[in-house]
Amino acid sequence: MNEKITKTDAEWRENLTPEQYQILRLKRTEPAFSGKYCDEKSSGNYICAGCGEALFASDAKFESRSGWPSFWRPLEAGKIDEHADTSHGMRRVEVLCARCDGHLGHVFEDGPQPTGLRYCINSASLDFKPSED
């Protein structure tokens, strides 16, 4: 993993769009089915919109019908951090970029095999880098 990224609140605001700031830094969620990557089918990697760290590969993306891009595993171990989230009266597991601590979404145990996991990720937390083949 790359070196940890830390910025001031002003630097984050300057470097992110208002929507990215709300989601990555304030842990908001985009409306279901509104994100630009919900229906993306191209080959490539999904990278953190906050720091550019590669987080998920398109070959781990699947159609979950949840309204957010969903993946059954991260690109590599250590790319994401997980924390208990008891906000909104629910018990969930929050997913963060391990490099910049940006909020990505949540992980649930209702995904496909082989992991059985569904990383439910906000499109605004991501950028997409298409494969070069």
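The values are calculated or read from the model by the stated rules, or taken from the named source; none is laboratory data. This one's a predicted model, so the numbers in the text were calculated from it and none came from an experiment. Counting neighbours? That spans all protein chains shown, and the Cβs are built from the backbone with ideal geometry, glycine included.
Is at least one residue of the range 72-95 of a type outside the set (A, V, I, L, M, F, W, C), touching a Ser or Thr at 6+ places or on another chain (Cβ under 7 Å) and at pLDDT 95 or above?
Yes, the range 72-95 contains at least one residue that is of a type outside the set (A, V, I, L, M, F, W, C), touching a Ser or Thr at 6+ places or on another chain (Cβ under 7 Å) and at pLDDT 95 or above.
I'm trying to understand the selection: among the residues of the range 83-128, which are among the charged types (D, E, K, R) and surrounded by 14 or more Cβ atoms within 10 Å (Cβ to Cβ)? Even if it seems obvious, please write down each step before you answer.
Initial filter on the range 83-128 (among the charged types (D, E, K, R)): 85, 91-92, 94, 99, 101, 109-110, 118, 127.
Within the range 83-128, Asp85, Arg92, Glu94, Arg99, Asp101, Arg118, Asp127 qualify.
Here are some residues: Ser64, Ser43. Which one is among the hydroxyl-bearing types (Ser, Thr, Tyr), closer than 22 Å to Thr115 by Cα and surrounded by fewer than 18 Cβ atoms within 10 Å (Cβ to Cβ)? Walk me through it before giving the result.
On the way: Ser64 fails: surrounded by fewer than 18 Cβ atoms within 10 Å (Cβ to Cβ).
None of the other options fit; the residue is Ser43.
For the range 40-48, does any single residue satisfy the condition of being modelled with pLDDT of 95 or more and under 21 Å from Asp85 (Cα atoms)?
So far as the range 40-48 goes, yes, one or more of its residues are modelled with pLDDT of 95 or more and under 21 Å from Asp85 (Cα atoms).
Which members of the range 8-40 meet the condition of being closer than 13 Å to Asp127 by Cβ, out of contact with any strand residue (DSSP E or B) (no Cβ under 9 Å at 6 or more places or on another chain) and surrounded by fewer than 17 Cβ atoms within 10 Å (Cβ to Cβ)?
Hits for the range 8-40 are Asn15, Thr17.
Residues are listed down the side, and each one gets a yes or a no for (1) within 26 Å of Arg13 (Cα to Cα); (2) in contact (Cβ under 8 Å) with a residue 40 or more places away in the chain; (3) assigned to a strand (DSSP E or B):
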residue	(1), (2), (3)
Ile47	yes, yes, yes
Cys51	yes, yes, no
Leu55	yes, yes, yes
Pro74	no, yes, no
Glu82	yes, no, yes
His88	yes, no, no
Val93	yes, no, yes
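Can you tell me which residue among Lys27, Lys36 is charged (D, E, K, R), in a loop (DSSP other than H, G, I, E, B), farther than 17 Å from Lys129 by Cα and touching a residue at least 24 places away in the same chain (Cβ under 8 Å)?
Among Lys27, Lys36, only Lys27 is charged (D, E, K, R), in a loop (DSSP other than H, G, I, E, B), farther than 17 Å from Lys129 by Cα and touching a residue at least 24 places away in the same chain (Cβ under 8 Å).
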